[in-house]
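Contents: one structure, followed by commentary.
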Amino acid sequence: MRRERHTIPDLNTTSTADISFMLLIFFLVTTSMDIDKGITRQLPPQVDETEEVADVKEGTVLSLAIGADNSLTCEGEPMTLTMLRKRVADHVTKIGKEHVIQIQTDRQASYDAYFHVQNEIVAAYNGLRDKEARRLYGRSFASCDEEQQRALRERIPQRISERY
């Protein structure tokens, strides 16, 4: 009796690398990349013990408050986000460079509400700068060169104070 040698057939793996590469490309193309949202702010310098804190003139501060229920108030009166942009623009136009926008946020308020308030304030500043750029240079703020943008930022400074 003669024994036959049984061999186990090998798998054909020649196309495995090609399939893997195709799947990798497919998932890279179909995956969405989320971009982190955030607010660009420059933190104030550390207060030196010998420095005096400057007083702010009365009537130059626009007080905003975000409550625990994400409600927005301006100078103690309820306000919607759609009204905020115009109110900030009017305040900055009326007071000029000496204006201050003060934001007080309750600890229970959501970051989303805070983020939307900040966006509206920045949009008001951008609108004012764009309007001034069109008046002075005949073009939008975004299309101005770096020197013109710097001059406009000095003309309409962004002065935001946060209370904790």
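Observations on the model:
- Residues satisfying the stated conditions in segment 124-150, i.e. surrounded by 15 or more Cβ atoms within 10 Å (Cβ to Cβ), among the hydrophobic types (A, V, I, L, M, F, W, C) and assigned to a helix (DSSP H, G or I): Ala124, Leu128, Ala133
- When we screen Ile103, Ile121 for residues that are part of a helix (DSSP H, G or I) and either buried (at least 17 other Cβ atoms within 10 Å of the Cβ) or at pLDDT below 90 (or both), the only hit is Ile121.
- Here Gln158 passes the criteria (1) outside any loop (DSSP other than H, G, I, E, B); (2) in contact with a strand residue (DSSP E or B) (Cβ under 9 Å, 6 or more places away or on another chain); (3) open to solvent by 50 Å² or more (accessible area, probe 1.4 Å) except the one numbered (1).
- Asp90 being among the charged types (D, E, K, R), under 27 Å from Ser143 (Cα atoms) and either open to solvent by 70 Å² or more (accessible area, probe 1.4 Å) or part of a loop (DSSP other than H, G, I, E, B) (or both): yes
- Failed condition for Ala113, given (1) open to solvent by less than 30 Å² (accessible area, probe 1.4 Å); (2) not in a helix (DSSP H, G or I): (2)
The values are calculated or read from the model by the stated rules, or taken from the named source; none is laboratory data. Everything numeric in this text was worked out from a predicted model, so none of it was measured. Here Cβ is always computed from backbone atoms with ideal geometry, including for glycine, and neighbour counts include all displayed protein chains. These area figures cover heavy atoms from the full protein model, side chains too; ligands, DNA and RNA do not enter into them. Shrake-Rupley method; radii C 1.70, N 1.55, O 1.52, S 1.80 Å.
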